[in-house]
Amino acid sequence: MRRVLSVAAMLSLREEARSQNLTVGFVPTMGALHAGHGALIAEAAKRHDVVVVSVFVNPTQFGPNEDFERYPRNLELDEATIASYGGTVMFAPSVAEMYPDGPAATIDVGVIGTVLEGRHRPGHFNGVATVVKRLFDIVQADAAYFGAKDFQQTLVVKAMVAQQELPTQVVVLPTIREHDGLAMSSRNVYLSADARQHATVLYRALCEARNAIEAGERSPTVIEQKMADVLSTVRDAEVDYAVVRDSATLSDIDRLTSGNSVVCLIAAKLGTTRLIDNDVMQIP
Ligand code: PAF
(Lines give C-alpha, C1' and ligand atoms only; values in the text may rest on other atoms or scores of the structure.)
Protein backbone atom coordinates (compact mmCIF):
# COMPACT_ATOMS: atom_id res chain seq x y z
CA MET A 1 0.00 0.00 0.00
CA ARG A 2 1.28 3.43 -0.92
CA ARG A 3 0.07 6.63 0.71
CA VAL A 4 0.19 9.58 -1.70
CA LEU A 5 -0.47 13.09 -0.42
CA SER A 6 0.47 15.39 -3.30
CA VAL A 7 -0.83 15.80 -6.84
CA ALA A 8 2.75 15.71 -8.20
CA ALA A 9 3.43 12.35 -6.50
CA MET A 10 0.13 10.94 -7.80
CA LEU A 11 0.93 12.05 -11.36
CA SER A 12 4.36 10.42 -11.21
CA LEU A 13 2.89 7.21 -9.80
CA ARG A 14 0.41 7.28 -12.71
CA GLU A 15 3.28 7.65 -15.19
CA GLU A 16 5.09 4.73 -13.54
CA ALA A 17 1.95 2.53 -13.99
CA ARG A 18 1.65 3.59 -17.63
CA SER A 19 5.30 2.79 -18.36
CA GLN A 20 4.70 -0.71 -16.99
CA ASN A 21 1.46 -1.17 -18.95
CA LEU A 22 -0.54 -1.56 -15.74
CA THR A 23 -4.29 -0.84 -15.73
CA VAL A 24 -5.60 1.56 -13.10
CA GLY A 25 -8.94 1.37 -11.29
CA PHE A 26 -10.13 4.28 -9.17
CA VAL A 27 -12.53 4.55 -6.23
CA PRO A 28 -13.21 8.18 -5.23
CA THR A 29 -14.32 8.54 -1.60
CA MET A 30 -14.55 11.04 1.22
CA GLY A 31 -13.16 8.46 3.68
CA ALA A 32 -15.06 7.02 6.67
CA LEU A 33 -14.91 3.84 4.64
CA HIS A 34 -17.41 1.03 5.15
CA ALA A 35 -18.24 -2.27 3.46
CA GLY A 36 -20.01 -0.41 0.63
CA HIS A 37 -16.71 1.24 -0.32
CA GLY A 38 -15.04 -2.12 0.32
CA ALA A 39 -17.17 -3.77 -2.38
CA LEU A 40 -16.11 -1.10 -4.89
CA ILE A 41 -12.42 -1.49 -3.98
CA ALA A 42 -12.63 -5.30 -4.13
CA GLU A 43 -14.26 -5.22 -7.57
CA ALA A 44 -11.68 -2.73 -8.85
CA ALA A 45 -8.93 -5.00 -7.46
CA LYS A 46 -10.33 -7.94 -9.46
CA ARG A 47 -10.22 -5.93 -12.68
CA HIS A 48 -7.06 -3.76 -12.40
CA ASP A 49 -3.36 -4.01 -11.53
CA VAL A 50 -3.36 -0.76 -9.55
CA VAL A 51 -6.32 0.40 -7.43
CA VAL A 52 -6.24 4.03 -6.32
CA VAL A 53 -8.67 5.08 -3.57
CA SER A 54 -8.93 8.82 -2.97
CA VAL A 55 -9.83 10.07 0.50
CA PHE A 56 -10.81 13.71 0.27
CA VAL A 57 -13.61 15.51 2.11
CA ASN A 58 -14.54 17.92 -0.65
CA PRO A 59 -15.55 21.36 0.68
CA THR A 60 -17.25 22.47 -2.54
CA GLN A 61 -20.03 19.87 -2.28
CA PHE A 62 -21.16 20.88 1.22
CA GLY A 63 -23.71 23.64 1.82
CA PRO A 64 -23.04 26.32 4.47
CA ASN A 65 -25.17 24.53 7.09
CA GLU A 66 -24.04 21.01 6.27
CA ASP A 67 -21.62 18.66 8.03
CA PHE A 68 -18.26 19.53 6.37
CA GLU A 69 -16.54 20.27 9.70
CA ARG A 70 -17.85 17.24 11.56
CA TYR A 71 -17.64 14.76 8.65
CA PRO A 72 -15.81 11.70 10.11
CA ARG A 73 -12.08 11.68 9.29
CA ASN A 74 -9.64 8.89 10.20
CA LEU A 75 -6.86 8.39 7.66
CA GLU A 76 -5.11 5.52 9.51
CA LEU A 77 -8.32 3.50 9.71
CA ASP A 78 -9.18 4.26 6.07
CA GLU A 79 -5.72 3.18 4.95
CA ALA A 80 -6.08 -0.18 6.73
CA THR A 81 -9.56 -0.65 5.22
CA ILE A 82 -8.31 0.12 1.69
CA ALA A 83 -5.49 -2.43 2.08
CA SER A 84 -7.85 -5.08 3.46
CA TYR A 85 -10.04 -4.89 0.33
CA GLY A 86 -7.11 -5.01 -2.10
CA GLY A 87 -6.53 -1.30 -2.79
CA THR A 88 -2.90 -0.47 -3.58
CA VAL A 89 -2.75 3.33 -3.34
CA MET A 90 -4.44 5.80 -0.97
CA PHE A 91 -4.50 9.29 -2.48
CA ALA A 92 -5.30 11.77 0.30
CA PRO A 93 -4.58 15.31 -0.91
CA SER A 94 -5.11 18.51 1.08
CA VAL A 95 -7.67 21.15 0.08
CA ALA A 96 -4.77 23.35 -1.15
CA GLU A 97 -3.47 20.55 -3.38
CA MET A 98 -6.90 19.97 -4.90
CA TYR A 99 -7.88 23.64 -5.20
CA PRO A 100 -4.70 25.71 -5.64
CA ASP A 101 -6.84 28.76 -6.54
CA GLY A 102 -9.16 28.25 -3.58
CA PRO A 103 -12.15 25.89 -3.28
CA ALA A 104 -14.82 26.72 -5.85
CA ALA A 105 -17.20 24.68 -8.02
CA THR A 106 -16.41 25.44 -11.65
CA ILE A 107 -18.36 22.74 -13.49
CA ASP A 108 -22.09 22.92 -14.08
CA VAL A 109 -23.81 19.75 -15.26
CA GLY A 110 -27.15 21.44 -15.87
CA VAL A 111 -30.61 20.20 -14.97
CA ILE A 112 -29.58 16.71 -13.81
CA GLY A 113 -27.80 18.44 -10.93
CA THR A 114 -30.68 20.73 -9.95
CA VAL A 115 -33.61 18.35 -9.39
CA LEU A 116 -34.30 16.23 -6.26
CA GLU A 117 -31.03 16.23 -4.25
CA GLY A 118 -29.91 19.29 -6.22
CA ARG A 119 -33.03 21.19 -5.19
CA HIS A 120 -32.53 20.33 -1.51
CA ARG A 121 -28.76 20.83 -1.65
CA PRO A 122 -28.17 23.76 -4.04
CA GLY A 123 -24.72 23.67 -5.65
CA HIS A 124 -23.96 20.21 -4.26
CA PHE A 125 -23.65 18.46 -7.62
CA ASN A 126 -21.56 21.21 -9.22
CA GLY A 127 -19.14 20.63 -6.33
CA VAL A 128 -19.22 16.87 -6.91
CA ALA A 129 -18.71 17.26 -10.69
CA THR A 130 -15.83 19.70 -10.11
CA VAL A 131 -13.93 17.49 -7.68
CA VAL A 132 -14.53 14.29 -9.67
CA LYS A 133 -13.23 16.01 -12.84
CA ARG A 134 -10.09 17.14 -10.98
CA LEU A 135 -9.58 13.65 -9.52
CA PHE A 136 -10.13 11.99 -12.91
CA ASP A 137 -7.54 14.35 -14.48
CA ILE A 138 -4.99 13.47 -11.80
CA VAL A 139 -5.55 9.71 -11.49
CA GLN A 140 -6.27 9.12 -15.22
CA ALA A 141 -7.83 5.76 -14.39
CA ASP A 142 -9.08 3.29 -16.95
CA ALA A 143 -12.28 2.92 -14.90
CA ALA A 144 -13.80 4.55 -11.80
CA TYR A 145 -16.21 2.80 -9.44
CA PHE A 146 -19.27 4.37 -7.78
CA GLY A 147 -22.02 2.95 -5.57
CA ALA A 148 -25.64 2.97 -6.79
CA LYS A 149 -26.78 4.32 -3.42
CA ASP A 150 -25.92 7.81 -4.64
CA PHE A 151 -27.98 7.28 -7.77
CA GLN A 152 -28.28 10.91 -8.86
CA GLN A 153 -24.54 11.36 -8.27
CA THR A 154 -23.83 8.54 -10.75
CA LEU A 155 -25.94 10.35 -13.39
CA VAL A 156 -24.15 13.62 -12.64
CA VAL A 157 -20.72 11.96 -12.96
CA LYS A 158 -21.72 10.35 -16.27
CA ALA A 159 -23.00 13.72 -17.53
CA MET A 160 -19.76 15.42 -16.47
CA VAL A 161 -17.66 12.72 -18.20
CA ALA A 162 -19.67 13.16 -21.43
CA GLN A 163 -19.55 16.99 -21.20
CA GLN A 164 -15.77 17.05 -20.58
CA GLU A 165 -15.06 14.15 -22.98
CA LEU A 166 -13.04 12.21 -20.40
CA PRO A 167 -11.69 8.74 -21.23
CA THR A 168 -12.36 7.15 -17.81
CA GLN A 169 -15.12 4.50 -17.85
CA VAL A 170 -17.74 4.96 -15.09
CA VAL A 171 -18.80 1.70 -13.42
CA VAL A 172 -21.79 1.66 -11.04
CA LEU A 173 -22.10 -1.23 -8.58
CA PRO A 174 -25.11 -2.23 -6.42
CA THR A 175 -25.86 -0.67 -3.05
CA ILE A 176 -24.52 -2.65 -0.10
CA ARG A 177 -27.00 -2.93 2.79
CA GLU A 178 -26.92 -3.74 6.48
CA HIS A 179 -28.66 -7.00 7.52
CA ASP A 180 -31.95 -5.09 8.03
CA GLY A 181 -31.86 -3.30 4.66
CA LEU A 182 -30.41 0.08 5.65
CA ALA A 183 -28.12 1.26 2.84
CA MET A 184 -24.52 1.61 4.04
CA SER A 185 -23.41 5.22 4.31
CA SER A 186 -20.62 7.07 6.11
CA ARG A 187 -23.34 9.26 7.66
CA ASN A 188 -25.04 6.29 9.39
CA VAL A 189 -22.62 6.82 12.29
CA TYR A 190 -24.53 10.03 13.13
CA LEU A 191 -27.77 8.10 13.82
CA SER A 192 -28.89 7.81 17.44
CA ALA A 193 -29.94 4.32 18.56
CA ASP A 194 -33.60 5.23 18.01
CA ALA A 195 -33.04 6.84 14.65
CA ARG A 196 -30.91 3.86 13.56
CA GLN A 197 -33.84 1.55 14.29
CA HIS A 198 -36.26 3.79 12.41
CA ALA A 199 -33.88 4.34 9.48
CA THR A 200 -34.90 1.05 7.86
CA VAL A 201 -38.15 2.78 6.89
CA LEU A 202 -36.53 4.04 3.67
CA TYR A 203 -35.75 0.50 2.58
CA ARG A 204 -39.20 -0.72 3.65
CA ALA A 205 -40.86 2.02 1.57
CA LEU A 206 -38.75 1.05 -1.46
CA CYS A 207 -39.74 -2.61 -0.99
CA GLU A 208 -43.41 -1.58 -0.84
CA ALA A 209 -42.98 0.27 -4.16
CA ARG A 210 -41.17 -2.67 -5.74
CA ASN A 211 -43.87 -5.11 -4.61
CA ALA A 212 -46.60 -2.85 -6.02
CA ILE A 213 -44.83 -2.53 -9.38
CA GLU A 214 -44.19 -6.27 -9.52
CA ALA A 215 -47.90 -6.83 -8.80
CA GLY A 216 -48.77 -4.69 -11.84
CA GLU A 217 -49.23 -1.16 -10.42
CA ARG A 218 -48.38 1.36 -13.15
CA SER A 219 -49.48 4.70 -11.68
CA PRO A 220 -46.58 6.79 -10.29
CA THR A 221 -49.06 8.62 -8.02
CA VAL A 222 -50.24 5.37 -6.43
CA ILE A 223 -46.68 4.08 -6.03
CA GLU A 224 -45.53 7.36 -4.47
CA GLN A 225 -48.51 7.27 -2.07
CA LYS A 226 -47.55 3.73 -1.03
CA MET A 227 -44.03 4.91 -0.20
CA ALA A 228 -45.41 7.92 1.67
CA ASP A 229 -47.72 5.65 3.71
CA VAL A 230 -44.81 3.48 4.84
CA LEU A 231 -42.66 6.52 5.63
CA SER A 232 -45.48 8.06 7.67
CA THR A 233 -45.36 5.10 10.08
CA VAL A 234 -42.19 6.61 11.55
CA ARG A 235 -43.17 9.81 13.32
CA ASP A 236 -39.71 11.36 13.38
CA ALA A 237 -39.00 10.78 9.65
CA GLU A 238 -39.02 14.14 7.87
CA VAL A 239 -39.45 13.27 4.18
CA ASP A 240 -37.89 15.52 1.50
CA TYR A 241 -39.14 13.37 -1.38
CA ALA A 242 -40.34 9.86 -2.22
CA VAL A 243 -40.82 9.70 -5.97
CA VAL A 244 -40.76 7.51 -9.07
CA ARG A 245 -38.77 8.94 -11.99
CA ASP A 246 -37.28 7.99 -15.32
CA SER A 247 -33.93 6.38 -14.42
CA ALA A 248 -31.94 8.07 -17.22
CA THR A 249 -33.19 11.65 -16.86
CA LEU A 250 -34.93 11.78 -13.45
CA SER A 251 -37.88 13.42 -15.20
CA ASP A 252 -41.49 12.79 -14.14
CA ILE A 253 -43.39 9.96 -15.80
CA ASP A 254 -47.14 9.83 -16.45
CA ARG A 255 -47.39 6.09 -16.35
CA LEU A 256 -44.97 3.16 -16.07
CA THR A 257 -44.95 1.35 -19.38
CA SER A 258 -43.32 -1.81 -20.64
CA GLY A 259 -39.63 -1.25 -21.43
CA ASN A 260 -39.34 1.77 -19.07
CA SER A 261 -36.46 1.84 -16.65
CA VAL A 262 -37.62 3.68 -13.55
CA VAL A 263 -36.08 4.58 -10.23
CA CYS A 264 -37.80 5.06 -6.88
CA LEU A 265 -35.87 7.63 -4.85
CA ILE A 266 -36.28 8.67 -1.23
CA ALA A 267 -34.62 11.33 0.91
CA ALA A 268 -35.60 11.73 4.54
CA LYS A 269 -34.20 13.11 7.74
CA LEU A 270 -34.12 10.82 10.78
CA GLY A 271 -33.41 13.07 13.73
CA THR A 272 -30.51 15.22 12.55
CA THR A 273 -29.29 12.78 9.89
CA ARG A 274 -30.39 13.06 6.28
CA LEU A 275 -30.48 9.71 4.44
CA ILE A 276 -31.05 8.82 0.78
CA ASP A 277 -31.86 5.52 -0.89
CA ASN A 278 -33.20 4.26 -4.21
CA ASP A 279 -34.23 1.24 -6.25
CA VAL A 280 -34.02 0.91 -10.04
CA MET A 281 -36.55 -1.30 -11.84
CA GLN A 282 -37.11 -2.38 -15.45
CA ILE A 283 -40.80 -2.57 -16.30
CA PRO A 284 -41.46 -5.94 -17.96
O1 PAF B 1 -19.71 9.86 -2.99
C2 PAF B 1 -18.77 10.49 -2.44
O3 PAF B 1 -18.14 10.03 -1.48
C4 PAF B 1 -18.37 11.86 -2.98
O5 PAF B 1 -19.47 12.57 -3.43
C6 PAF B 1 -17.28 11.78 -4.08
C7 PAF B 1 -17.76 11.07 -5.33
C8 PAF B 1 -16.05 11.07 -3.54
C9 PAF B 1 -16.87 13.20 -4.50
O10 PAF B 1 -16.38 13.93 -3.43
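The values are calculated or read from the model by the stated rules, or taken from the named source; none is laboratory data. Predicted model only: the values in this text are computed from it and were never measured. Because the Cβ atoms are built from the backbone with ideal geometry, glycine has one as well, and the counts that use them run over all protein chains shown. We work out accessible area using only protein heavy atoms, side chains counted, and drop any ligands, DNA or RNA first. Shrake-Rupley method; radii C 1.70, N 1.55, O 1.52, S 1.80 Å.
Side notes on the structure shown:
- Unmet criterion (only one of (1) surrounded by fewer than 21 Cβ atoms within 10 Å (Cβ to Cβ); (2) out of contact with any Lys or Arg (no Cβ under 6 Å at 6 or more places or on another chain)) for Ala212: (2)
- For the stretch 160-182, filtering for residues that are within 16 Å of the ligand (Cβ to nearest atom) and either of a type in the set (S, T, N, Q) or touching a Phe, Trp or Tyr at 6+ places or on another chain (Cβ under 7 Å) (or both) leaves 9.
- Close contacts from the stretch 60-75, counting a first residue that is at negative phi and a second that is among the hydroxyl-bearing types (Ser, Thr, Tyr), with Cβ to Cβ under 8 Å and a gap of 6+ residues or different chains, come to Thr60/Tyr99; Thr60/Thr130; Phe62/Tyr71; Asp67/Tyr190; Tyr71/Ser186; Pro72/Ser186.
- Criterion violated by Val189 - all others in (1) touching a residue at least 40 places away in the same chain (Cβ under 8 Å); (2) over 30 Å from Asp108 (Cα atoms); (3) of a type in the set (A, V, I, L, M, F, W, C); (4) buried (at least 17 other Cβ atoms within 10 Å of the Cβ) satisfied: (4)
- Boolean, Thr221 is in a loop (DSSP other than H, G, I, E, B), open to solvent by 60 Å² or more (accessible area, probe 1.4 Å) and of a type in the set (S, T, N, Q): no
- The set of residues in the stretch 163-188 being in a strand (DSSP E or B) and of a type in the set (S, T, N, Q) consists of Gln169 alone.
- Residue in the stretch 152-159 that is crowded, with 18+ Cβ neighbours inside 10 Å, of a type outside the set (S, T, N, Q), away from the ligand (no atom under 13 Å from the Cβ) and free of Cβ contacts under 8 Å to residues at least 60 places away in the same chain present: yes
- Any hit, the stretch 17-39, residues being touching an Asp or Glu at 6+ places or on another chain (Cβ under 6 Å), crowded, with 19+ Cβ neighbours inside 10 Å, part of a loop (DSSP other than H, G, I, E, B) and not polar (S, T, N, Q): yes
- Test: residue in the stretch 49-58 that is within 15 Å of the ligand (Cβ to nearest atom) and among the acidic types (Asp, Glu): no
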